[in-house]
Structures are given as structure tokens and as C-alpha cells.
Amino acid sequence: MHAAKGHGEVKVAYSRLMKSDQSPNLFSFKTYIQCLSEVGEAREIENALKDMEAFQVKPDVYLLRSTLKMYANLKDVEGVKSSYNRILTLGLKPDKSTYNLYINAIGRQGTLEEAEKVFDTMEKSRGMKPDVVTFNTLIKLQIRNGRLDRAKHYYQLMIARGVTPSEVT
């Protein structure tokens, strides 16, 4: 399946694999789902995730982050939340990139309080220190929503935590 180029060819290869005697593995599902993510085929992705479950193949955080990113690009906040919750439900640990993507995606949809809760969870429950990207994301979201006092709060928190501002900051 890896040799198939283009989305249509990947779909054909996936269909053949599903009809064959071979059991698909994480790599084959990953290739297919990441390809679908690039073109925003949410329904097909959900079907592939069901196939994974049927074949007892557990997705990893990187695969699920690609679905989260797709839903973020589609501005589908429920899809974003579903992808994030799937990561947690499966007992996977979101990495910093996943947190940053999730915070940005839900914050862009105007749910800043939820984005701030995720920031707190990232740090307190998961022991993951926010980086300059995390802080820049929160600062940007606050400014876009006219919450300059909160933007200043996150800037000061960034400095207090020893995170060096970037050119973006």
C-alpha cells in the first residue's frame, strides 16, 4: 500500500487489503488515514478507525493527531474534541504537538476557557511543560478575542517559567 501514490490509488490499495487474506497492521492503517486526512475525508477516516478496532489494531497518538489536525482544518470543533477524547480514552499520552494543536483548534472556535483548561491539564495532570509554541498559541488566541489582559497574563507566565519568547511572540 505504501507504494501507491495519490489518494485514489491508496483507497484502491486499502480496499484490496481489506478483501485479502492479510491482516492490516498499524502502518497500513496509518498510511491510509493520513492520506485521507490530507483531503479531509472525515467519514472515510471514521470507517477506517472502526476497521482498526475490528482488527484489534490500536492507533497511536501520531495517527490520531493527524485526524485531529484534519478536523481542525475543517473547523469541525466536535471532530477535534472527538479525536482528542479518543486519544485519552485509548490511554494514549498526548505529546506537546498534540496539545498545541488541540489548544489552537478549540481556541479558534471561541472556546478559550476550554483551551485554558487544556493548558492547565497539560501541565498539572500530565506533567508536560508548555513551550514557546504553547504560550504563543494562547497569547494569539487571547488577542484575537480582545482579551489583552489574558494575553499579558500568559506572556508574563511564559517569562516567569523561563520560556524564551520567539520572534512570533
Query raised in the report: Within the stretch 126-169, restricting attention to residues that are in contact (Cβ under 8 Å) with a residue 12 or more places away in the chain and of a type in the set (Gly, Ala, Ser), which residue is surrounded by the most Cβ atoms within 10 Å (Cβ to Cβ)?
Result: ALA151
Query raised in the report: Among (1) touching a residue at least 24 places away in the same chain (Cβ under 8 Å); (2) among the small types (Gly, Ala, Ser); (3) at positive phi, which single condition is GLY91 missing?
Result: (1)
Query raised in the report: Does the stretch 23-43 include one or more residues that are polar (S, T, N, Q), farther than 30 Å from GLY110 by Cα and crowded, with 18+ Cβ neighbours inside 10 Å?
Result: yes
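With respect to MET122, is the statement that it is under 22 Å from TYR71 (Cβ atoms), part of a helix (DSSP H, G or I) and not assigned by the TED database to the domain that holds ASN73 true? Step through it out loud before you land on a result.
Details: under 22 Å from TYR71 (Cβ atoms): yes; part of a helix (DSSP H, G or I): yes; not assigned by the TED database to the domain that holds ASN73: yes.
Answer is yes for this residue.
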Requested in this report: Kindly establish whether LEU63 is within 12 Å of the chain's Cα centre (by Cα) and outside the structural domain of VAL39 (by the TED database).
Outcome: no
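Okay, residues lined up against (1) assigned to a helix (DSSP H, G or I); (2) under 25 Å from GLY40 (Cα atoms); (3) modelled with pLDDT of 90 or more:
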residue: LYS75; (1), (2), (3): no, yes, yes
residue: SER82; (1), (2), (3): yes, yes, yes
residue: LEU88; (1), (2), (3): yes, yes, yes
residue: ALA115; (1), (2), (3): yes, yes, yes
residue: PHE135; (1), (2), (3): yes, no, yes
residue: LYS140; (1), (2), (3): yes, no, yes
residue: ARG150; (1), (2), (3): yes, no, yes
Query - Residues of the stretch 90-99 that turn out to be part of a helix (DSSP H, G or I) and surrounded by fewer than 21 Cβ atoms within 10 Å (Cβ to Cβ), as a count - result: 2
Requested in this report: For LEU88, indicate whether it is assigned by the TED database to the domain that holds SER37 and either farther than 28 Å from VAL39 by Cα or not acidic (Asp, Glu) (or both).
Outcome: yes
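Here are GLU123, GLU113, GLU78: which of them is more than 14 Å from the chain's Cα centre (by Cα), loosely packed, with under 14 Cβ neighbours inside 10 Å and acidic (Asp, Glu)? First the steps, then the outcome.
Details: GLU123 fails: loosely packed, with under 14 Cβ neighbours inside 10 Å; GLU78 fails: more than 14 Å from the chain's Cα centre (by Cα).
Of the residues listed, the single one that is more than 14 Å from the chain's Cα centre (by Cα), loosely packed, with under 14 Cβ neighbours inside 10 Å and acidic (Asp, Glu) is GLU113.
The values are calculated or read from the model by the stated rules, or taken from the named source; none is laboratory data. These numbers were taken from a predicted model, which means no experiment stands behind them. For neighbour counting, all protein chains shown are included, and Cβ atoms are generated from backbone atoms with ideal geometry for every residue, glycine included.
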